[in-house]
Amino acid sequence: MTIARAFLFALALFATPIHAESDAPWGQAKAIEKEYSKQRVVYDVTVDSVQKLDRMLDRVSYLSLINGADPFENKIVIVLHGNEIPFFAIRNHAKYKALMQRAQSLSLDGIIEFRMCHVAARGHGLQPEDIHGFVSIVPMADAEIIELQRQGFAYLR
């Protein structure tokens, strides 16, 4: 009986790969396949580097692709009111050309829209005529975000 138990214990021990227990003690993640409802999102954006704005544009572009990205049912509004504002200034076009080309191209299908706070732009010494034409200037970012939420837009930061 003792030999049989020892044999079963040894069999169980060697049947389980040792490396699997140490490398993945909780197993592996399971992918969930699902479809999402149409997206209406307002992104509250205040970033301080080109890299952070670029990562935010990555997130927005992925979200815009959900369910075939129908411009009549999906809408993403990016409200700019931080230190990213100078990136959108016409006078800085040469410095941020690649970033601005990417942002402008995201706005072409009508799903993604850029809105900039006039108060914050003035704080950076900029007026509407100083900003690239694919951006709309709104009186105040906070009020714009609140209004979009009232219209059913989900808030993301």
Working only within the range 92-129, note down all residues that are surrounded by fewer than 16 Cβ atoms within 10 Å (Cβ to Cβ) and β-branched (Val, Ile, Thr). 119
Which condition does residue 150 not pass, out of (1) surrounded by fewer than 18 Cβ atoms within 10 Å (Cβ to Cβ); (2) among the basic types (Lys, Arg); (3) under 16 Å from residue 44 (Cβ atoms); (4) within 17 Å of the chain's Cα centre (by Cα), if it passes all the others? (4)
Can you name the number of the only condition in (1) modelled with pLDDT of 95 or more; (2) closer than 24 Å to residue 35 by Cβ that residue 88 fails? (2)
Quick one: what pairs do we get from the range 92-110, first residue assigned to a helix (DSSP H, G or I), second surrounded by 11 or more Cβ atoms within 10 Å (Cβ to Cβ) and β-branched (Val, Ile, Thr), C-beta under 8 Å, 6+ apart or different chains? 99/50; 106/60; 106/112
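The values are calculated or read from the model by the stated rules, or taken from the named source; none is laboratory data. Every value quoted in this text rests on a predicted model; they were computed, and no experiment measured them. A quick note on method: Cβ atoms are made from the backbone with ideal geometry, for glycine too, and the neighbour counts reach across all protein chains shown.
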